[in-house]
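S.K.: Quick one: the structure is below, and I'll ask about it shortly.
The values are calculated or read from the model by the stated rules, or taken from the named source; none is laboratory data. These numbers were taken from a predicted model, which means no experiment stands behind them. Ideal geometry is used to build each Cβ from the backbone, glycine not excepted, and the neighbour counts take in all protein chains shown. Just the protein is used for accessible areas: all its heavy atoms, side chains included, with ligands, DNA and RNA removed. Shrake-Rupley method; radii C 1.70, N 1.55, O 1.52, S 1.80 Å.
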Amino acid sequence: MIVTRVLITLAVVTAAVPRVYALSPVPVRLRAGGRLIAVLVAGVCLALLILAAVATPSPSGLGTHQTLGLQGCQFLRSTGLPCPSCGMTTSFAWFVRGNWIASFYVQPMGFVLALMAAMTFWTATYVAISGKPAYVLLRFIPRRYTVLPLLLFGAAAWGWKIFIHLHGMDGWGM
């Protein structure tokens, strides 16, 4: 009876220990498939950043994507207000040129996404080379600092974009 209670108590305590502390001391390495996925993720992020480097940032703060052969924003054309992604390509283009102030001013969420793309490129490259799984790195970032704050920041960035557009302050002079 006492042995059963001790075993149940140990099972409850073991289940309550966070996974971070319950990981085995043996380092986990990714196999070839996992490393290939990391290489693909790094390649997509690098392609985005190279594409932004090819695009010439529009001094008006909008329409940089049109230099890449894409159509103008239909939401802006229909409503007169910028859509949530208006200015993102311009922001990325300023970001890769090292003008982070212009990148943030033109579209704050674009700056954050460009920064995340650059960080993801380096992280995925590290994962591909070292073979360490991404969750080993990501466990240091608490989840409460990711999705909801990014959504709220994205909404605020859209509000900023609408504000500067309506007040004629959109864009960054060359």
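S.K.: Mind listing whichever residues of the range 74-99 are among the hydrophobic types (A, V, I, L, M, F, W, C) and out of contact with any Phe, Trp or Tyr (no Cβ under 9 Å at 6 or more places or on another chain)?
M.R.: We begin by selecting, within the range 74-99, every residue among the hydrophobic types (A, V, I, L, M, F, W, C); these are 75-76, 81, 83, 86, 88, 92-96.
Answer for the range 74-99, where residues must be among the hydrophobic types (A, V, I, L, M, F, W, C) and out of contact with any Phe, Trp or Tyr (no Cβ under 9 Å at 6 or more places or on another chain): PHE75, LEU76, MET88, ALA93, VAL96.
S.K.: Which condition does ALA117 not pass, out of (1) under 30 Å from ARG29 (Cβ atoms); (2) open to solvent by 50 Å² or more (accessible area, probe 1.4 Å), if it passes all the others?
M.R.: (2)
S.K.: Just to be sure, is GLY154 open to solvent by less than 30 Å² (accessible area, probe 1.4 Å), in contact with a Ser or Thr (Cβ under 8 Å, 6 or more places away or on another chain) and under 26 Å from PRO57 (Cα atoms)? Before you say what the answer is, go through the steps one by one.
M.R.: Details: open to solvent by less than 30 Å² (accessible area, probe 1.4 Å): yes; in contact with a Ser or Thr (Cβ under 8 Å, 6 or more places away or on another chain): no; under 26 Å from PRO57 (Cα atoms): yes.
Spelling it out, it is not the case that GLY154 is open to solvent by less than 30 Å² (accessible area, probe 1.4 Å), in contact with a Ser or Thr (Cβ under 8 Å, 6 or more places away or on another chain) and under 26 Å from PRO57 (Cα atoms).
S.K.: When residues of the range 163-174 are filtered for being surrounded by fewer than 16 Cβ atoms within 10 Å (Cβ to Cβ) and of a type in the set (A, V, I, L, M, F, W, C), how many remain?
M.R.: Narrowing the range 163-174 to residues surrounded by fewer than 16 Cβ atoms within 10 Å (Cβ to Cβ): 163, 166-169, 173-174.
Still in the running and of a type in the set (A, V, I, L, M, F, W, C): 163, 166, 169, 174.
Qualifying residue count for the region: 4.
S.K.: Another one. Using the structure shown, decide if ILE101 is surrounded by fewer than 19 Cβ atoms within 10 Å (Cβ to Cβ) and more than 26 Å from LEU40 (Cα to Cα).
M.R.: Details: surrounded by fewer than 19 Cβ atoms within 10 Å (Cβ to Cβ): yes; more than 26 Å from LEU40 (Cα to Cα): yes.
Yes, satisfied.
S.K.: Further question on the same structure: Do the conditions hold for GLY159, that is, is it at positive phi and not hydrophobic (A, V, I, L, M, F, W, C)?
M.R.: Numbers: at positive phi: no; not hydrophobic (A, V, I, L, M, F, W, C): yes.
In short, no.
S.K.: Another question about this same structure. With the requirement that a residue be open to solvent by less than 50 Å² (accessible area, probe 1.4 Å) and aliphatic (A, V, I, L, M), what does the range 42-87 give you?
M.R.: First, the residues of the range 42-87 that are open to solvent by less than 50 Å² (accessible area, probe 1.4 Å): 42-43, 45, 49, 52, 55, 57-58, 61-65, 72-73, 76, 80, 82-83, 86-87.
ALA42, LEU49, ALA52, ALA55, LEU62, LEU76, listed by residue number.
S.K.: Take SER103 and decide whether it is of a type in the set (Ser, Thr, Tyr), at pLDDT 90 or above and not in a helix (DSSP H, G or I). Full working, then the answer.
M.R.: Details: of a type in the set (Ser, Thr, Tyr): yes; at pLDDT 90 or above: yes; not in a helix (DSSP H, G or I): no.
Here the answer is no, as SER103 does not meet what is asked.
S.K.: Another one. Inspect all residues belonging to the range 69-77 and state whether any of them is at pLDDT 65 or above, basic (Lys, Arg), over 23 Å from the mean Cα position of the chain (by Cα) and not in a loop (DSSP other than H, G, I, E, B).
M.R.: Pass one, the range 69-77, residues at pLDDT 65 or above: 69-77.
Filter once more, keeping what is basic (Lys, Arg): 77.
Narrowing the set further to residues that are over 23 Å from the mean Cα position of the chain (by Cα) leaves 77.
After this cut, where a residue has to be not in a loop (DSSP other than H, G, I, E, B) as well, the list is 77.
Within the range 69-77 (the criterion being at pLDDT 65 or above, basic (Lys, Arg), over 23 Å from the mean Cα position of the chain (by Cα) and not in a loop (DSSP other than H, G, I, E, B)), the answer is yes, since at least one residue qualifies.
S.K.: Which condition does CYS83 not pass, out of (1) touching a helix residue (DSSP H, G or I) at 6+ places or on another chain (Cβ under 9 Å); (2) at pLDDT 95 or above, if it passes all the others?
M.R.: Among (1) touching a helix residue (DSSP H, G or I) at 6+ places or on another chain (Cβ under 9 Å); (2) at pLDDT 95 or above, the lone unmet condition for CYS83 is (2).
S.K.: Okay, moving on. I'd like to know if the range 20-38 contains one or more residues that are at pLDDT 85 or above, under 30 Å from GLN107 (Cβ atoms) and out of contact with any Lys or Arg (no Cβ under 8 Å at 6 or more places or on another chain). Working first, answer last.
M.R.: Of all residues in the range 20-38, those at pLDDT 85 or above come to 31-38.
Filter once more, keeping what is under 30 Å from GLN107 (Cβ atoms): 37-38.
Among the residues that remain, those that are also out of contact with any Lys or Arg (no Cβ under 8 Å at 6 or more places or on another chain) are: 37-38.
So far as the range 20-38 goes, yes, one or more of its residues are at pLDDT 85 or above, under 30 Å from GLN107 (Cβ atoms) and out of contact with any Lys or Arg (no Cβ under 8 Å at 6 or more places or on another chain).
S.K.: Filter the range 153-174 for residues that are touching a residue at least 60 places away in the same chain (Cβ under 8 Å), not in a helix (DSSP H, G or I) and not hydrophobic (A, V, I, L, M, F, W, C) and give the result.
M.R.: ASP170, GLY171, GLY173
S.K.: Within the range 126-145, count every residue that is open to solvent by 40 Å² or more (accessible area, probe 1.4 Å), of a type outside the set (Val, Ile, Thr) and assigned to a helix (DSSP H, G or I).
M.R.: Selection size over the range 126-145: 8.
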